[in-house]
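Each remark here refers to the structure printed beneath this line.
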Amino acid sequence: MCEMDTVLWILTGLLVLFIIVSLVWRWQSEKRAIPCPSWLSWMLEPENPFSPANHARNIIAWLQLQPGMSVLDAGCGPGRLTLPVAEKVGKNGRVLALDLQEGMLQRTQSRAQAAGLNNVILMQGNLGEGNLPLQQFDRAVLVTVLGEIPDQVSALLEIYAALKPDGILSITETIFDPHFQTREKVVKLANLAGFWEVAFFGKPLAYTMQLAKPNA
Ligand SMILES: C[S@@+](CC[C@H](N)C(=O)[O-])C[C@H]1O[C@@H](n2cnc3c(N)ncnc32)[C@H](O)[C@@H]1O
């Protein structure tokens, strides 16, 4: 067998392994929430060319951030969104980076320090338990997180309460995530929490949706 054949066999093997792991993870996730472990955080970084609605720069551009805004990055992971959002809102703005896992927050913190960003606040916690401050945020982002949360309505209610009136929640989902949530399901859950869909970007299998908290 020539060297080229060996390389092709190895690549095919790795691809098959990846597909099997993804399918098992997706199947198990339907029974109980399995958060993406922090040692796998490197997998979140490369931006999938088939899923532009998941790219940090697009999500951020659609959010129309202004200097001085307060933003909640719920389920921040290694800070893929946190850092560019913190740059956009500037020194008079702030980003609260919330995550369940200490390892993810440590990565976000060291990257924020390396970038000289002093407007990132870290918080370890379980979204849905009511630990967020009330009516503090202009924007909230929930990027490939919702499917990992067991009590999704409580999580969305907590974000709703944490947003200022007229605040916007941006939810991103992609089929490449084992915890993918359909648009229909997200709209239903969001409506239960009091949100209304105001914008939709991308395609049914890879999208970003914006939901507004009405100014009652
Ligand atoms: C797939 S990662 C996405 C990270 C980041 N949003 C991104 O797009 O790069 C999901 C993250 O949500 C966090 N997470 C899951 N359930 C959570 C919960 N109930 N409260 C807070 N964070 C949670 C996980 O620890 C993980 O870091």
Inset, instruction - Return the only residue of PRO214, PRO150 being exposed (fewer than 15 other Cβ atoms within 10 Å of the Cβ), more than 14 Å from the chain's Cα centre (by Cα), within 25 Å of LEU40 (Cβ to Cβ) and in contact (Cβ under 8 Å) with a residue 12 or more places away in the chain. - result: PRO150
Inset, instruction - Specify which of the listed residues (GLN106, GLN136, GLN101, GLN124) is assigned by TED's automatic domain parsing to the domain that holds THR208 and away from the ligand (no atom under 13 Å from the Cβ). - result: GLN136
Inset, instruction - Run ASN48 past the list (1) without any contact (Cβ under 8 Å) to a residue 60 or more places away in the chain; (2) in the same structural domain as ILE168 (by TED's automatic domain parsing) and report the number of the one that doesn't hold. - result: (1)
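Table: residues versus (1) closer than 26 Å to ASP151 by Cα; (2) within 11 Å of the ligand (Cβ to nearest atom).
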residue	(1), (2)
CYS36	yes, yes
LEU44	yes, yes
GLU47	no, yes
ALA56	yes, yes
ILE59	yes, yes
VAL71	yes, no
GLY77	yes, yes
Legend entry - ALA161, sole failed condition from (1) aliphatic (A, V, I, L, M); (2) out of contact with any helix residue (DSSP H, G or I) (no Cβ under 7 Å at 6 or more places or on another chain); (3) part of a strand (DSSP E or B): (3)
Inset, instruction - Being touching a residue at least 40 places away in the same chain (Cβ under 8 Å) and either closer than 16 Å to TRP62 by Cα or surrounded by 20 or more Cβ atoms within 10 Å (Cβ to Cβ) (or both) is the filter here, so list the residues in segment 190-211 that pass it. - result: ALA199, PHE201, GLY202, LYS203, ALA206, TYR207, THR208, GLN210, LEU211
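The values are calculated or read from the model by the stated rules, or taken from the named source; none is laboratory data. Keep in mind that this is a model prediction, so the values were computed, not measured. Please note: Cβ atoms are built from the backbone with ideal geometry, for glycine as well, and neighbour counts cover all protein chains shown.
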